[in-house]
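Undergrad: A single structure is presented below for examination.
The values are calculated or read from the model by the stated rules, or taken from the named source; none is laboratory data. Quick caveat: nothing in here was measured; it's all calculated off a predicted structure. Positions of Cβ are generated from backbone atoms using ideal geometry, with glycine treated the same way; all protein chains shown enter the neighbour counts. Protein only, heavy atoms only, side chains kept; ligands, DNA and RNA dropped before computing areas. Shrake-Rupley method; radii C 1.70, N 1.55, O 1.52, S 1.80 Å.
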Amino acid sequence: MSSIKDFASHFFVTGDPLIYGSDVAIVLVSLAIIFVLTYFKKWGWLWREWLTTVDHKKIAIMYLIASLLMLLRGGIDAILMRIQLAFPNMHFLQSEHYNEIFTTHGTIMILFMAMPFMFALYNAVVPLQIGARDVAFPYLNAVSFWLFFFGALLLNISFVIGGSPNAGWTAYPPLSGLEFNPGPGENFYLLALSISGIGSLATGINFLVTILKMRAPGMKLMDMPLFTWSVLASCVIIIFAFPPLTVALALLLIDRLLGAHFFTMAAGGNPMMYINLFWIWGHPEVYIVLLPAFGVYSEVVSTFSKKKIFGYKSMVASMMIISVVSYFTWLHHFFTMGAGADVNTFFAIATMLIGIPTGVKIFNWIFTMFRGRIRLTQAMLWTIAFIPCFAIGGATGVMLAIAPADYQYHNSYFLIGHFHQALIGGVVFGYLAGLYYWWPKMFGFKLDERLGVWAFWFWQIGFYVCFMPQYALGFMGMTRRIYTYPDGLGWGSLNLVSTVGAFLMGVGFIIQVWQILYSIKYGERDVTGDPWDGRTLEWSIPSPAPLYNFAVIPHVKGMDAWWMMKQEMKEKPAQIKPIHMPKNSGIPFIMSVFFFIAGFGLTFHWFWMGGFGLLGVAVCMFIRSFDYDTDYYITVDEIKRAEAS
Ligand code: HEM
Ligand SMILES: [Cu+2]
């Protein structure tokens, strides 16, 4: 009996009111979902329409919902930390809990918020922009989504079962090693990232192939919309960057589960190996999430200035240059860890060089707006706000890149200010701009303008109030990852200001949630399919796009294909043919459940469960390999009916 109690108290995290609160919330929400699905008889619908779908448009919506939930979770983490830091000597969170929260916050924001938000945009937009019926590998696309989903789930349950990881989002050994971190937390981190990482890699391959092979006839590479170009660049980075991460995670996992010593100094290993591998992924990762945001800005600026983008070729070139040079900067994350002056210099210069193509892009956006007919829609507001914000983030980045000076800023709040400025001002602003821009295409109605403008200003003001003081705090000596600080250092008031800013952003987010709910009912319906007078092919079809996207695949004659078609005012040719489509499949979902089971078992060193899960994965792959019934045709009649409605 006592052993069961002992086990339960280790397994279920206890003792903290926040955790009891989450337990109750999880149980209530789960019961509510089960009740609603049963009451409205929606289980079959859920399975047929969503869990088994291979349609890129539905996968986009699922990524979007998941990433917004994760933004909420990561945001709550952020608010909790900011409350704890608001005053000196606070006792809101214990030190251990603070460690867990900054770890989950960072991990979730980057891997389970930014990545899926980006994949939502990839999926929602790229096939439509290039005039394709789906991605190159629709089934693999579903596999990617479910691997991400169950990876995210695995990390999130650590909070109530077993304990969260606490060695930072970077999980450097030896702190993340067995000796200093014997609990299951770091295993959760390693397995969750490994599982979702397979999905991300597959998405990178999938979209690269899609863009290279599935473009509508006539669309040359240099005719592609800039968002599609940005996705191409981002995918190239994914394909080269994720394998080093997988290796780093796997080696650390082997250290932890099987007692190897890749990263333990005492037994001949070296933690610097991990740190290098991590950042060989980690720095390019920043550009993986940033480039598609740049793509969004390019589309938005051009559409809402009613002009062709200025400097298209230099935009493409600068993205491709960034995707290469971003591989030669990783060491700037540890200038202070003893690489020596020559090596530091190399990486300092490479880092600063990235500023050049980025600066080129910023000038191109400004020149596109110059003498344009500007419409200040929500998407455009976020885009315009991004420019000064990212310029400051970039400038502080160049300051950090000066290796000798970095000895002063390293791991201080100056750094925290810098990377939030790049990640929020660059990435989050960009994805939100993209969301407002493509929302009508995804859902068939616009998001309410008035509420959106309120949310925008709360975010903007909150952002600067929150992060500007942090630069000063950094100079005043406040280091990152500390859970409290004594009175008398003069840090109190700036920290309080920063916390107020975090709350303002929180209000902005709540208004956005309300905006979505409100617009579902009252939002302006998009009956034209082209609500913004767009330039690219996604605006040539109805909103939301029909299952097969294009009844007839368009012929493209140059850049801004839809704009050209509108100028020529030609009737669309009506030669409709049956459309070849992939069939839905339950295997991606089921296989990912088995991955989850394997991950969960290995987290607790239950090798039997790990083995069982992996066996399940293998069986799923086997079954799929012998399944030849994977496609069907939509008949001409069905297409005509859908097009007429
Ligand atoms: C929405 C407003 C946000 C606030 C108020 C906020 C606040 C914070 C705070 C207080 C920390 C901990 C600092 C420390 O103790 O070292 C932190 C760390 C971090 N944040 Fe945020 N954050 C926000 C959004 C984001 C976003 C959008 C991202 C990424 C896309 C992000 C990525 C990170 C990362 C990677 C860390 C480092 C975690 C670590 O040290 O391991 N944050 N943030
Ligand atoms: Cu970097």
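Undergrad: Enumerate the whole-percent occupancy of each 10 Å bin, from 0 to the last occupied one, for all C-alpha pair distances of the range 541-645.
TA: Once binned at 10 Å, the Cα pair distances of the range 541-645 give 12, 26, 20, 17, 16, 8, 1.
Undergrad: Something else about it: Would you kindly calculate the mean projected area, averaged across all directions, of the convex hull enclosing the Cα atoms of the range 592-645, in square nanometres?
TA: So the mean shadow area of the Cα hull is 5.8 nm².
Undergrad: When all protein chains stay in place, what accessible area (Å², nearest 10, 1.4 Å probe) is found for Val619?
TA: 70 Å²
Undergrad: Sticking with this one: Based on the mean of other beta carbon atoms within 10 Å per residue, what is the order of 439-445, 381-387, 242-248, most packed first?
TA: Ranking the peptides 439-445, 381-387, 242-248 by packing returns 381-387, 439-445, 242-248.
Undergrad: In whole Å, what is the distance between the alpha-carbon centres of the range 338-359 and the range 112-159?
TA: 33 Å
Undergrad: If I take every Cα pair under 8 Å that is 6 or more residues apart in the chain, average their sequence separation and divide by the length, what percent do I get for the relative contact order?
TA: Contact order relative to length: 17 percent.
Undergrad: Over the range 267-330, what relative contact order in percent results from Cα pairs under 8 Å that are six or more residues apart?
TA: Numbers: 22 pairs, mean separation 35.5, N = 64.
55 percent.
Undergrad: Another question, then. May I have the extent of the alpha carbons of the range 400-485 along their three principal axes, as whole Å values ordered from largest to smallest?
TA: Computed over the range 400-485, the largest-to-smallest principal extents equal 52, 25, 19 Å.
Undergrad: Under 20 Å from the Cα of Lys213, which aspartates and glutamates turn up, not counting those fewer than eight places away in the same chain?
TA: List returned: Asp55, Asp134, Asp223, Glu538, Asp560, Asp631.
Undergrad: From largest to smallest, what semi-axes in whole angstrom does the range 317-422 give when each is the square root of 5 times an eigenvalue of its alpha carbon gyration tensor?
TA: Numbers: eigenvalues 190, 52, 17 Å².
Semi-axis lengths for the range 317-422 are 31, 16, 9 Å.
Undergrad: What nm distance separates the two modelled labels at Arg481 and Arg373, each placed 7 Å from Cα along Cα→Cβ?
TA: My value for the distance between the label points is 5.4 nm.
Undergrad: Grab the eigenvalues of the alpha-carbon gyration tensor for the chain, scale each by 5, take roots, and send me the semi-axes largest first in whole angstrom.
TA: Working through the eigenvalues yields semi-axes of 39, 31, 25 Å.
Undergrad: If packing is taken as the average number of other Cβ atoms within 10 Å across a peptide's residues, how do 102-112, 138-148, 30-40, 475-485 rank, most packed first?
TA: Ranking the peptides 102-112, 138-148, 30-40, 475-485 by packing returns 138-148, 102-112, 475-485, 30-40.
Undergrad: Here is a further query. Taking all protein chains as present, what is the carbon and sulfur share of the accessible area of the range 209-311, in % to the nearest whole number, probe 1.4 Å?
TA: 74 percent
Undergrad: Of all the accessible heavy-atom surface of the range 318-395, with the other protein chains kept in place and a 1.4 Å probe, what percent is carbon and sulfur?
TA: 78 percent
Undergrad: What are the residues whose amide H is under 5 Å from the amide H of Ala136, where those residues sit 5 or more places off or on another chain and H is modelled from the backbone?
TA: The answer is Thr210.
Undergrad: How much area per residue is accessible in the chain when the probe is 1.4 Å and only protein heavy atoms are counted (Å²)?
TA: Here the residues of the chain average 42 Å² of exposed surface.
Undergrad: Could you work out the local net charge near His580, counting Lys and Arg as +1, Asp and Glu as -1, over the other residues with Cβ closer than 12 Å to its Cβ?
TA: Taking every Cβ under 12 Å from that of His580, the sum is +1.
Undergrad: Something else about it: Under the rule of -39500 (n - 2.57) per DSSP H run of 4 or more residues, summed and divided by the residues of the chain, what mean residue ellipticity at 222 nm is obtained, to the nearest 500 deg cm²/dmol?
TA: Theoretical 222 nm ellipticity from helices: -22500 deg cm²/dmol.
Undergrad: Something else: Filter the chain for me: DSSP H helices, axial length by Cα at least 30 angstrom, mean Kyte-Doolittle hydropathy not below 0.5. List them by residue number.
TA: 17-39, 56-85, 185-213, 226-258, 271-305, 341-369, 378-401, 449-475, 492-522
Undergrad: Quick check for the range 514-645: number of Lys pairs with alpha-carbon distance under 25 Å, counting only pairs 8 or more apart or on different chains?
TA: Lysine pairs, 8 or more places apart or on different chains, close enough: 10.
Undergrad: Compute the relative contact order of the range 225-281 as a whole-number percentage, counting only Cα pairs closer than 8 Å that sit 6 or more residues apart in sequence.
TA: Normalised by residue count, the contact order of the range 225-281 is 33 percent.
Undergrad: I would also like to ask the following. Go ahead and run the numbers for FRET between Phe11 and His555, Cβ-Cβ distance against an R0 of 56 Å, rounding to 0.05.
TA: Values: r = 61 Å, r/R0 = 1.08.
Efficiency at R0 = 56 Å is approximately 0.40.
Undergrad: Could you check the simple spin-label distance between Leu547 and Asp637, using points 7 Å along Cα→Cβ, in nm with one decimal?
TA: 1.5 nm
Undergrad: Further, regarding this structure: Computing the accessible area with a 1.4 Å probe over protein heavy atoms, can you report the carbon and sulfur percentage for the range 6-136?
TA: Here it works out to 75 percent.
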